[in-house]
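Visitor: Take a look at this one; I'll ask things after.
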Amino acid sequence: MASGRLGIAVIGTGAIARRFAADMRYSRNARIVAVGARDAEKARVFARAVGQTVFHGSIEAVMTLPSVDAVYVATSNVVHAAHARCAIASGKAALVEKPFAITADEAEDVCSFARSKGVFVMEAMWARFTPGIRRLKAICESGELGVIRRVHAEIGYPSSGTSISDTKGGALLDLGVYPISLAQHLLGPPTRVQASGRRNNAGVVMRAELLIEHGDAFASLSSAWDAEATNRLSIVGDNGVVEAQSPLFSPPLLSLRRTRRPGSVTERVSYPAGIEAGARISRLRAIKDGLRPLRARRVLTLFEGSGLQYQVDHMTECLRAGRQESPIIPLADSCRTLRIIDEAMTQIS
């Protein structure tokens with residue numbers, strides 16, 4: 001960080017790497033200084049699109065550049081762990097695109113290697129750093145919702161799975177990591193996992209439905225490639241409900257409303273005029289309940305770009321503070337997310 005800004009090498013030239021590069025224009029603390037890829041021409045074209053002074057070369061070459069302080073691993077899922085180890089071995093901090101690895105054992109191996117080398121490593125679970133999710137977390141911790149009872153989240157984008165799946169994990173590994181990670185972020189470590197879903201003829205998970213216990217709270221999580229979902233998240237407490245609008249990983253709007261506490265006194269109504277009076281009162285109650293969402297407090301949580309830059313600024317702060325991992329997405333959380341997926345995979349036939 002000789003120039004005062006973190007120098008980042010982007011490894012990979014796919015869609016997520018391009019989004020990352022576009023969002024880096026909004027970063028306060030970092031800049032892209034190099035692009036590495038197996039295909040030299042793709043690396044050259046990508047680097048020129050970022051800037052005329054950006055170095056381009058092989059993955060191994062960019063790892064050794066003195067101007068590179070950290071490596072953003074945006075290659076295929078199956079080689080995330082290998083490229084993270086390569087960065088760590090070169091003494092470079094590693095920001096590893098989700099999923100952090102393919103299995104929990106593979107993830108724990110990377111974590112152990114990073115600790116042995118004293119090098120910072122972090123999963124690029126960028127959702128935890130977007131303004132909407134940070135505000136959501138703050139609302140939960142404020143006690144405004146009361147005791148958190150349930151989290152509901154679903155994410156789904158149609159895909160055949162043939163072009164983007166390099167493992168049998170499919171939608172669960174590609175999309176499911178978001179709600180699973182966010183549920184941990186909001187509820188803490190899981191205590192029990194139940195899963196069901198559907199695979200295609202090649203054995204790739206196209207849909208996964210998870211019910212996860214987090215102590216006394218439950219998370220109901222859905223991920224799918226077979227249909228587009230609402231892509232929303234809601235948190236239910238015994239004193240209120242907050243809903244994050246689509247997309248759940250960077251919600252632009254939160255809706256917060258108070259609810260009745262369990263056991264609170266409700267009015268008792270007798271119907272002296274008979275059934276018709278009771279029916280009218282029931283209709284009025286239904287109208288009142290229907291209008292309740294309109295009384296929700298709306299919280300705008302706007303963000304710049306698509307939101308990938310916030311994780312980079314956090315990583316920079318961690319490095320300046322001498323941390324070896326993030327307090328917001330600790331390595332234990334990344335490993336637990338994959339442990340949940342490992343368990344779910346065994347339950348989905």
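Read-outs throughout are calculated quantities, based only on the coordinates presented, and are distinct from any laboratory measurement. Worth saying up front: this structure is predicted, and the values here are computed from it rather than measured. When we count neighbours, we look across all protein chains shown, and the Cβ atoms used for this are built from the backbone with ideal geometry, even at glycine.
Visitor: Relative to the longest principal axis of the C-alpha atoms of the chain, give the angle of the C-alpha long axis of helix 80-89, reported between 0 and 90° and rounded to the nearest 10°.
Guide: Around 50 degrees separate the two axes.
Visitor: Going by average Cβ neighbours within 10 Å, how do the peptides 44-56, 15-27 rank, with the highest at the top? Please list the in-between numbers first.
Guide: Numbers: 44-56: 16.1, 15-27: 18.0.
Going by the mean number of other Cβ atoms within 10 Å, highest first, we get 15-27, 44-56.
Visitor: Same structure again: Which FRET efficiency value, to the nearest 0.05, is calculated for residue 78 and residue 328 with the Förster distance at 35 angstrom and r the Cβ-Cβ distance? Each step should come with its number before you reach the end.
Guide: Working: r = 26 Å, r/R0 = 0.75.
FRET efficiency, residue 78 to residue 328: 0.85.
Visitor: Using 1/(1 + (r/R0)^6) with R0 = 30 angstrom and r between the beta carbons of residue 150 and residue 306, what's the FRET efficiency to the nearest 0.05? Walk me through the numbers before you get to the answer.
Guide: Values: r = 28 Å, r/R0 = 0.95.
After rounding to 0.05, the efficiency reads 0.60.
Visitor: Take every DSSP beta bridge whose two residues both sit in the chain, then give the antiparallel share in percent to the nearest 5.
Guide: So the antiparallel bridges in the chain amount to around 55 percent.
Visitor: Moving on to the next point. Could you work out the relative contact order of the stretch 6-125, using alpha carbon pairs under 8 angstrom and six or more residues apart, expressed as a whole percent?
Guide: Numbers: 234 pairs, mean separation 27.4, N = 120.
Reported relative contact order: 23 percent.
Visitor: Something else: Using only Cα atoms, tell me the angle between helix 275-291 and the longest principal axis of the chain; keep it within 0 to 90° and round to the nearest 10.
Guide: Orientation of helix 275-291: about 20 degrees from the principal axis.
Visitor: Determine the relative contact order of the stretch 103-186: mean sequence separation of Cα pairs under 8 Å and six or more apart, normalised by residue count, in whole percent. Display every interim value, and only then the final one.
Guide: Numbers: 25 pairs, mean separation 28.2, N = 84.
Once divided by the residue count of the stretch 103-186, the mean separation gives 34 percent.
Visitor: While we're here: Would you mind pulling out the separation of the Cα centroids of the stretch 5-58 and the stretch 68-82, in Å?
Guide: What the calculation gives is 13 Å, centre to centre.
Visitor: What Kirkwood hydrodynamic radius, in Å, does the stretch 62-151 give when the mean of 1/r is taken over all pairs of distinct Cα atoms and then inverted?
Guide: Values: mean 1/r = 0.0680 Å⁻¹.
Every distinct Cα pair counted, the radius reaches 14.7 Å.
Visitor: Under 19 Å between alpha carbons, and skipping anything fewer than 8 positions from residue 137 in its own chain: which lysines qualify?
Guide: none
Visitor: Tally Lys/Arg at +1 and Asp/Glu at -1 over every other residue whose Cβ is under 15 Å from the Cβ of residue 251; what's the total?
Guide: Working: positive: 128, 134, 135, 137, 232, 297, 298; negative: 154, 243, 304.
That sum, taken over residues with Cβ under 15 Å, equals +4.
Visitor: Tell me, 328, 32, 102 in order of fewest to most beta-carbon neighbours within 10 Å? Write out the running numbers ahead of the final one.
Guide: Working: 328 16, 32 25, 102 21.
With the fewest neighbours first, 328, 32, 102 line up as 328, 102, 32.
Visitor: Which whole-number percent is the relative contact order of the chain (Cα, under 8 Å, 6+ apart)?
Guide: On the way: 722 pairs, mean separation 67.1, N = 349.
Once normalised by length, the contact order is 19 percent.
Visitor: Quickly work out the residue 192-to-residue 255 label distance, labels modelled 7 Å from Cα along the C-beta direction, and quote it in nm with one decimal.
Guide: 3.2
Visitor: Rounded, prolate or oblate for the stretch 183-245? Axes are the square roots of the Cα gyration tensor eigenvalues, ordered a ≥ b ≥ c, and the cut-off for rounded is a/c under 1.5.
Guide: oblate
Visitor: Give the Cα extents of the chain along the principal axes, in whole Å, largest first.
Guide: For the chain, the Cα extents along the three principal axes come out at 85, 46, 36 Å.
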